[in-house]
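Report on one structure; see the data block that follows.
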Amino acid sequence: MRLSKLFTKTNKNVSSDETSRNARLLIQAGYIYKEMAGVYAYLPLGLRVVENVKRIVREEMNSLGASEIIMTNLQRQELWQKTDRWSDEAVDIWFKSKLKNDTEVGLAWSHEEPITDMMKSFVSSYRDLPVNVYQFQTKLRNELRAKSGIMRGREFVMKDLYSYSKDDVEHQNFYDEVTKAYLRVYDRVGIGDRTYVTYASGGAFTKFSHEFQTITDAGEDIIYLDKHKKLAINKEVYTDEVISHLGLTKDNLEETKASEVGNIFSFGTIKSEQLGLLFTDQNGDDKPVVLGSYGLGITRLIGVIAEVFADDKGLVWPEAIAPASVILINLGLSKEVIDSAEELYKTLTMAGIQVIYDDRDARAGEKFADADLLGIPHRVVISEKTINQSRYEYKARQSDNVELVDKENLFKILGINS
């Protein structure tokens, strides 16, 4: 990717009505474009980050033996009426519309009902279970407030996983494995040391759920955290009963702000009973399937990461999800500088390193400021000075230290076997 060919530009000016730091920085850096409150388009660099997060999540979901699918966004009214979740009183975030024949439809905010109904075509015996499926899909939720940038959108990309089990034991075993997989995701994207399993309300899903909350001043939730036990309670269910049930004590709980980056629910058999998803067990008896639902907001997670790691210069991406590992900058337009930069660009790319090449005819200060704003982990500069010394100028995004390194050491830093 060459910045001279990229249609997006960095922009220091953002509308004053965009108050969240994550959205302001992502807009300034050209990662996203704001369509309206809570609705953002993902531009080339932003899409790279989305796909990198999806890759990590996909690997962890596949490690559970889950199968990837994609469902429709249009939802049948009658399915949700069967489970008492169609009315706006029960679920107040629906977007609804009508077909040309006046049939009312909903735009998906979740998928328990349609996937459970679909499973009736594939599950009839205990031999067909368990089944675990997941998808990446754009969800639509008519949020009353959408002032946290991509951390709370009306349109957002979600990974949602659904498990169908024969009994509570089989369900709980998978539920526990999903919990571990989610924690691995947060470790891999760089926020594992500040993300905690949190006991919470199930809202429109179930009575209780488990959230994964990341500590951040930009968070909309208040949690009470026991750092030693790595367990927290959301303020909405913070009662003596819950504290006792979890084996916690008030003296060890610290109040802090956090943002939800995942949520998992146990539905039991109620959805299967309502929608008629039954299986025949080994004794020939018909039984309802046990359902679990597991959500992880991809774009929301990116917003939280942007908030957590950003500094006064711009974004700071963990290497696992950055749109590129290296931003390569040429200073000067002499043939020697251009040829050397082109050669390194080609070498790094062939070695499997994602590179953004700032080949623009621009001042050094502008290029350095944009590199910081973009948040790429490694910065490499080629100039007349570096060529004369047979070196490259190297700087890590999270460091103020600039050093001159030879090719061998640069490759070692970037994890390339020379």
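Of these, ALA341, ALA364, which one is surrounded by 14 or more Cβ atoms within 10 Å (Cβ to Cβ), among the small types (Gly, Ala, Ser) and in contact with a strand residue (DSSP E or B) (Cβ under 9 Å, 6 or more places away or on another chain)? Reasoning before the result, please.
Numbers: ALA364 fails: surrounded by 14 or more Cβ atoms within 10 Å (Cβ to Cβ).
Just one listed residue meets the conditions, ALA341.
Would you check if there is a residue in segment 203-216 being closer than 17 Å to LEU296 by Cβ and basic (Lys, Arg)? Scanning segment 203-216 turns up no residue that is closer than 17 Å to LEU296 by Cβ and basic (Lys, Arg). Within segment 23-55, being β-branched (Val, Ile, Thr) and crowded, with 19+ Cβ neighbours inside 10 Å holds for ILE27, ILE32, VAL49, VAL50, VAL53.
Can you tell me which residue in segment 82-96 is surrounded by the fewest Cβ atoms within 10 Å (Cβ to Cβ), limited to those that are of a type outside the set (Lys, Arg) and under 14 Å from LEU107 (Cβ atoms)? Spell out the reasoning first.
Here is the first cut: in segment 82-96, the residues of a type outside the set (Lys, Arg) are 83-84, 86-95.
From what's left, under 14 Å from LEU107 (Cβ atoms): 86, 88, 91, 93-95.
Values: TRP86: 21, ASP88: 10, VAL91: 19, ILE93: 16, TRP94: 19, PHE95: 17.
By that ranking, first place goes to ASP88.
One residue stands out in segment 312-322 among those that are surrounded by fewer than 24 Cβ atoms within 10 Å (Cβ to Cβ) and in contact (Cβ under 8 Å) with a residue 40 or more places away in the chain: the one that is farthest from the chain's Cα centre (by Cα), namely LYS313.
With the condition kept exactly as written, say whether any residue in segment 152-167 is charged (D, E, K, R), more than 14 Å from TYR294 (Cα to Cα) and assigned to a helix (DSSP H, G or I). Among the residues of segment 152-167, not one is charged (D, E, K, R), more than 14 Å from TYR294 (Cα to Cα) and assigned to a helix (DSSP H, G or I), which makes the answer no. Every test in (1) part of a strand (DSSP E or B); (2) under 20 Å from the mean Cα position of the chain (by Cα) is passed by ASN52 save one, and that test is (1). Restricting segment 140-183 to residues that are basic (Lys, Arg) and within 13 Å of the chain's Cα centre (by Cα) leaves a set whose member that is surrounded by the fewest Cβ atoms within 10 Å (Cβ to Cβ) is ARG152.
Taken as a whole, the structure leaves GLY247 outside the set of residues that are touching a residue at least 60 places away in the same chain (Cβ under 8 Å) and not β-branched (Val, Ile, Thr).
Does ILE27 fit the bill of being within 24 Å of the chain's Cα centre (by Cα), over 21 Å from ILE305 (Cα atoms) and at pLDDT 95 or above? Can you show your working first?
Working: within 24 Å of the chain's Cα centre (by Cα): yes; over 21 Å from ILE305 (Cα atoms): no; at pLDDT 95 or above: yes.
Spelling it out, it is not the case that ILE27 is within 24 Å of the chain's Cα centre (by Cα), over 21 Å from ILE305 (Cα atoms) and at pLDDT 95 or above.
Residues that are surrounded by fewer than 13 Cβ atoms within 10 Å (Cβ to Cβ) and closer than 22 Å to SER259 by Cα do not occur anywhere in segment 63-81.
Being surrounded by fewer than 19 Cβ atoms within 10 Å (Cβ to Cβ) and either of a type in the set (A, V, I, L, M, F, W, C) or assigned to a helix (DSSP H, G or I) (or both) is the filter here, so list the residues in segment 1-20 that pass it.
Quick first cut of segment 1-20, residues surrounded by fewer than 19 Cβ atoms within 10 Å (Cβ to Cβ) only: 1-2, 4-19.
Passing the criteria: MET1, SER4, LYS5, LEU6, PHE7, VAL14.
Would you mind stating whether SER110 is within 20 Å of SER163 (Cα to Cα), of a type in the set (Gly, Ala, Ser), without any contact (Cβ under 8 Å) to a residue 12 or more places away in the chain and part of a loop (DSSP other than H, G, I, E, B)?
Spelling it out, it is not the case that SER110 is within 20 Å of SER163 (Cα to Cα), of a type in the set (Gly, Ala, Ser), without any contact (Cβ under 8 Å) to a residue 12 or more places away in the chain and part of a loop (DSSP other than H, G, I, E, B).
The values are calculated or read from the model by the stated rules, or taken from the named source; none is laboratory data. Because the structure is predicted, anything quoted here is derived from the model rather than measured. FYI the Cβ positions are ideal-geometry reconstructions off the backbone, even for glycines, and counts take in every protein chain you see.
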